[in-house]
Every structure is written in C-alpha cells, then in structure tokens.
1. Restricting to the range 32-55, count the residues that are buried (at least 21 other Cβ atoms within 10 Å of the Cβ), under 15 Å from Val247 (Cα atoms) and out of contact with any strand residue (DSSP E or B) (no Cβ under 8 Å at 6 or more places or on another chain).
2. Scan the range 71-85 and report the pairs whose first residue is in contact (Cβ under 8 Å) with a residue 24 or more places away in the chain and whose second residue is exposed (fewer than 13 other Cβ atoms within 10 Å of the Cβ) and in a loop (DSSP other than H, G, I, E, B), with Cβ atoms within less than 7 Å and a gap of 6+ or a chain change.
3. Working only within the range 253-274, note down all residues that are buried (at least 19 other Cβ atoms within 10 Å of the Cβ) and farther than 19 Å from Ser143 by Cβ.
4. When you look at Tyr242, is it within 16 Å of the chain's Cα centre (by Cα), farther than 30 Å from Ser188 by Cα and either at pLDDT 95 or above or buried (at least 21 other Cβ atoms within 10 Å of the Cβ) (or both), yes or no?
5. Kindly indicate whether Thr255 is assigned to a helix (DSSP H, G or I) and among the hydroxyl-bearing types (Ser, Thr, Tyr).
6. I need a count of the residues in the range 75-85 that are surrounded by fewer than 17 Cβ atoms within 10 Å (Cβ to Cβ), among the polar types (S, T, N, Q) and either at pLDDT below 90 or in a loop (DSSP other than H, G, I, E, B) (or both).
7. Yes or no: Val165 exposed (fewer than 14 other Cβ atoms within 10 Å of the Cβ) and either at pLDDT below 90 or of a type outside the set (Ser, Thr, Tyr) (or both)?
8. Does Tyr18 satisfy the condition of being touching a residue at least 60 places away in the same chain (Cβ under 8 Å), among the hydroxyl-bearing types (Ser, Thr, Tyr) and crowded, with 19+ Cβ neighbours inside 10 Å?
Amino acid sequence: MNSSLGDESEILNKLESYLQFFKNKKILITGGSGHLGYYFLLTFLEANRKLSLNSDITAIVYNNLNWKFNSYLDEFTQIKGDLTNSSFLENLGQYEAIIHLAGYAQPAKFMLDPYSTIVINTTSVKMLLQKLTNDGSFLYISSSEVYRLLPMTEINTDSNSIYDVMHPRSAYILSKLLGEIICEAEVSRTSKNIKIARLSMTYGPGIKPGDTRAISSFFSQAMSNTKIVLLDNGEAEREYLYVADAVVALFKILTKGKNPKYNIGGGLGTSIKINQVANIIAKLTNSECVIPESSLDTIGAAQKVSLDISSYVEEFGEINETDIYFGLAKTLDWLIQESAVEI
C-alpha cells in the first residue's frame, strides 16, 4: 500500500469531471483531522497534483493530521483552531468553497459535550456561511439522526420530525436540524450553492484512535486481544457505507446536485446486523467473537436504521459500490499499516 489511503486513484477517476468545479478556487475544509476530513483533504491534494486544479486549500484541524500528510505540507495551509471560538472564526478569510465536516459523530463524544456539539452545528455554521463568497458553494454534513424519533424504514428528506428534548441524543439531533435551517435560510436570501447531506453509518480507513462506535471498537478489540465481545446480542441492523463511496457521493451532490438536501447511506440492499459485522471482523483478524444473549438500549440508539436514498440514486446512480467484507478488509489493511501490528 502506498503512502496515501489506497482509494485516492479510484476516487479521482470517478470524480475527475466533478473536481474541475474547484479549479483555481479557495477551499476551506473544517474537521480536516477527522474521518471524512482525512479523505476530503487527500482528494483535493491529489487532484491538485494529478488534475492541475490549482486549488488554494486550507484545512482547519483540532488534532494533529495523520502522518501521511507530511509529504503534502507545502501544498496546503493548516490551521489549528477551535470552531466554538467566535474570534477564531471571525479572523478567517473568504472562500469560494467550504466543506463543513467538523463536529462530533460519536455518541460518546456528543453526549459528553453537548455545548460544543450545538455551537459547531449552529453558530459556527452561521459564521462560516458569512465567510463564503456570494457565488460560493457550501457542504453541510447533517445526520440521519434527525429522523431518530420517526419509524426508521425508508425515511426520506421530506419526512416530518418530532423530538423529545430529554432524549439522550437531543443536543446532536436538534443542533443538526438547526444547522440545516440556517443553511436553508441562507439559500433563501442569497445565490450561494448550499447542499445538505444527511449522512449515515460510514466506516473505513481514517477512523480515529479511541473511536467507540461498533466497527472501530470491534477492530480495536480484535487487534489488541484477538477477541471481540459485543455489548449485547448485536441484532440491531445498520446500512453501512464505505467512506470512499460516501466521499464520492458528497462531491457529486455539492458540484452537480439538483436538490438542496440528500440522504447519503448504504441503501436498503445493504442492511446487515451488527453481530454479522462482528463475525466478519473476527474472521478477518482470526479472533474469537463473543455475542451475549441480552439486548440493550445502547444510549438511545435505534434498533434499525434505514434511509431512502432514492433522490441521490435517481440523479447519480448507486452510492454503495464497496461490499462490506471488502470494505472491512481494506480497513484492516489500513489499521495494520497505521499501527505496524501484525494480525
């Protein structure tokens, strides 16, 4: 595997015509050190090298970037800063494209720090929109969690939402929805190209150490102890989406999407139980998999998450092009490279 993610060549091939949209533009990426940021930043950097985009790229990071970006340090601007700090945001320049990826996606984190969660999805969104040129483009990453209290079957972007503010995920859910409202208000009064993506269940290379979500936890256990122990029977169902497929979809909707809002997820044909995912990872890592008989309500998580992605599919075709087994195998390869641990 080379010094980058291993997916970048395929991403560039799929997006070459779309990436021309960013030629000679000033681009800001928030959350550059996060899971999605890892891919977005690399895609732009590789596009500059191989497609001669001549984009002026700035990445806002909270933590240090992965070591693989060391060879690109002279090719973009890296700013360490806190997006909940209004003074920091006020001092930013103007950009022709802003990709707002920052924020907590792990339940353990957004429930521990509801204040920062709310600010990053509301005040920060408003201030970042002010840093967008009048003809600029903005991508806001919302979440399928906005549907949390609706029946989780084939829900779509037109679904209504009713929320309980005492729900353990309310700060995350409601702030994501408010972020969408702020974006929609900006669209109504300007000509800015603003897209909202309600993203669900991505996985793959670039996951951060200490990530407590299921797939990350399973890999961590397997690589540390050659044993995976689930918290419950793992009967909950998810539609996982390989991160490179998600990034391709997000670039497409920002550059050529006809609608203001999209559901981005694996799709109905990709539903898989969490215990099945655990068993695949156990097989890949030659680990034992222990599945309890009990069922738990894990911090308010839904038993089944299923999104209607037809709006995207009708415009661009299928989102999920990576089989779950192959995607998990690529994730393992990346983790081995990162940790230099032999399984």
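1. The number of residues fulfilling the criteria is 6.
2. Listed by first residue and then by second, the contacts come to Ser71/Ser3.
3. Scanning the range 253-274 gives a single hit, Thr255.
4. Against the criterion (within 16 Å of the chain's Cα centre (by Cα), farther than 30 Å from Ser188 by Cα and either at pLDDT 95 or above or buried (at least 21 other Cβ atoms within 10 Å of the Cβ) (or both)), Tyr242 qualifies.
5. yes
6. So the answer is 1.
7. On the way: exposed (fewer than 14 other Cβ atoms within 10 Å of the Cβ): yes; either at pLDDT below 90 or of a type outside the set (Ser, Thr, Tyr) (or both): yes.
Here the answer is yes, as Val165 does meet what is asked.
8. no
The values are calculated or read from the model by the stated rules, or taken from the named source; none is laboratory data. Quick caveat, the model's predicted, so the values are computed rather than measured. Every residue, glycine as well, gets a Cβ built from its backbone with ideal geometry; the counts of neighbours run over all protein chains shown.
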